[in-house]
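Written below as structure tokens is the structure these notes are about.
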Amino acid sequence: PKSKKVKVIALTKTPKILTRTKKEELKNEVLDSIDEYKYLYVFEIVNMKTKHLKEARRSLRDSSRMFMIKNTLLKNFFGKTKEVEYQNDLSQISDDLKGGRGVLFSIKTKKELEDFFNEHKKRDYARSGFLATKDFVIPKGPIKWMPHSLEERLVSLGLPIKLDMGVINVLNDYRVATKGKPLNSSQAAILKHFGVEMSEFSLKLVSAWSKGKYK
């Protein structure tokens with residue numbers, strides 16, 4: 001019997017240019033999964049973090065199989081139009097494949113998968129380019145909990161500080177982030193040093209298909 005272990009096939013783990021043989025092997029794996037699993041879902045990763053995706057994958061290993069490869073390949077496998085689709089309504093799944101989306105074959109119902117996704121949201125540190133979700137200002141004064149060994153690093157990030165008796169002191173109120181504005185790399189690094197998590201990793205269900213019916 002085929003293993004139910006979740007298998008993520010990522011674009012970064014496959015050659016940039018696939019041979020015809022490799023494409024056929026991949027096509028067979030995807031189409032075999034249609035027959036093996038009751039449900040097919042298109043999902044989207046919000047604020048991608050590899051470690052969180054791996055954790056979710058481990059939790060799904062007994063019920064699902066995940067593919068994250070070029071959308072053009074998946075569309076060709078499923079069929080882009082009614083006339084050439086592999087099974088009824090799979091062309092609608094092809095229409096949903098865009099951006100950083102992937103597909104998940106599973107024995108879980110839509111409700112079960114939505115509950116799983118909700119349970120596996122993870123707070124994390126924002127990266128450069130992320131839109132700040134709140135204002136963050138470091139007030140003037142001492143930061144007694146901050147190790148003095150970070151002084152050089154914080155100065156390099158633009159924070160106006162000085163050491164006083166081994167304690168880092170902020171020379172004036174310093175705005176690190178403004179809600180709705182993108183963070184640069186220095187701002188993102190400062191927020192991390194101050195333990196401010198603005199980002200949230202999550203998996204979002206886009207659409208579903210089961211045995212010839214698009215949902």
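The values are calculated or read from the model by the stated rules, or taken from the named source; none is laboratory data. Remember, it's a predicted structure, so these values are computed and weren't measured experimentally. Using ideal geometry, Cβ is built from the backbone for each residue, glycine included, and neighbour counts are taken over all protein chains shown. The protein model used for the area step is the full one, side chains on, heavy atoms only, and it has no ligands, DNA or RNA in it. Shrake-Rupley method; radii C 1.70, N 1.55, O 1.52, S 1.80 Å.
Data overview
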{"item": "Sum of side-chain charges, Gly180 neighbourhood, beta-carbon under 13 Å (Lys, Arg +1; Asp, Glu -1)", "result": "+2"}
{"item": "The chain, accessible surface, carbon-and-sulfur percent (1.4 angstrom probe)", "result": "50"}
{"item": "Rounded to 5, the percent of DSSP beta bridges in the chain classed as antiparallel", "result": "90"}
{"item": "Estimated dipole of the chain in Debye, rounded to 20 [Cβ of Lys and Arg +1, of Asp and Glu -1, Cα centre]", "result": "360"}
{"item": "Nearest 10 degrees, 0 to 90: helix 20-36 Cα axis against the chain principal axis", "result": "80"}
{"item": "Mean accessible surface per residue for the chain, computed with a 1.4 Å probe while every protein chain stays in place, in Å²", "result": "58"}
{"item": "Restraint check, Lys38/Lys121; Lys22/Lys122; Lys38/Lys82; Lys192/Lys215; Lys22/Lys121, Cα-Cα greater than 32 Å", "result": "Lys22/Lys122; Lys192/Lys215; Lys22/Lys121"}
{"item": "Asn76 paired with Glu200, simple spin-label distance in nm, labels 7 Å along Cα-to-beta-carbon", "result": "3.9"}
{"item": "Dipole magnitude of the range 92-159, debye to nearest 20 (Cβ charges: Lys/Arg +1, Asp/Glu -1, about Cα centre)", "result": "120"}
{"item": "Linear extension gain, Ser156 paired with Lys27, 0.36 nm per residue minus alpha-carbon span", "result": "41.4 nm"}
{"item": "Partners for Lys27 among aspartates and glutamates (Cα-Cα distance below 16 Å; same-chain residues under 8 apart left out)", "result": "Asp35, Glu36, Glu85"}
{"item": "Degrees separating the helix 110-119 axis from the principal Cα axis of the chain, which is the longest one", "result": "20"}
{"item": "Cα lying deepest toward the dipole's positive end in the chain, options Asn47, Gly129, Trp145, charges on Cβ", "result": "Asn47"}
{"item": "Read-out Rg and Dmax of the Cα atoms in Å, derived from the coordinates shown; its label in (1) 18.8, 58; (2) 23.0, 76; (3) 69.3, 210", "result": "(2)"}
{"item": "Summed residue charge, Cβ within 12 Å of Ser207's Cβ, Lys/Arg positive, Asp/Glu negative", "result": "+2"}
{"item": "Nearby lysines by direct alpha-carbon distance to Lys162 (threshold 19 angstrom, same-chain neighbours under 8 apart not counted)", "result": "Lys140, Lys144"}
{"item": "Extension reserve of the Tyr174-Lys192 stretch, reckoned as 0.36 nm per residue once the Cα distance is removed", "result": "4.9 nm"}
{"item": "Built amide H within the under 5 Å cut-off of Ala132, gap 5+", "result": "Gly180, Lys181, Leu183"}
{"item": "Degrees, to the nearest 10: 50-59 long Cα axis against longest axis of the chain", "result": "50"}
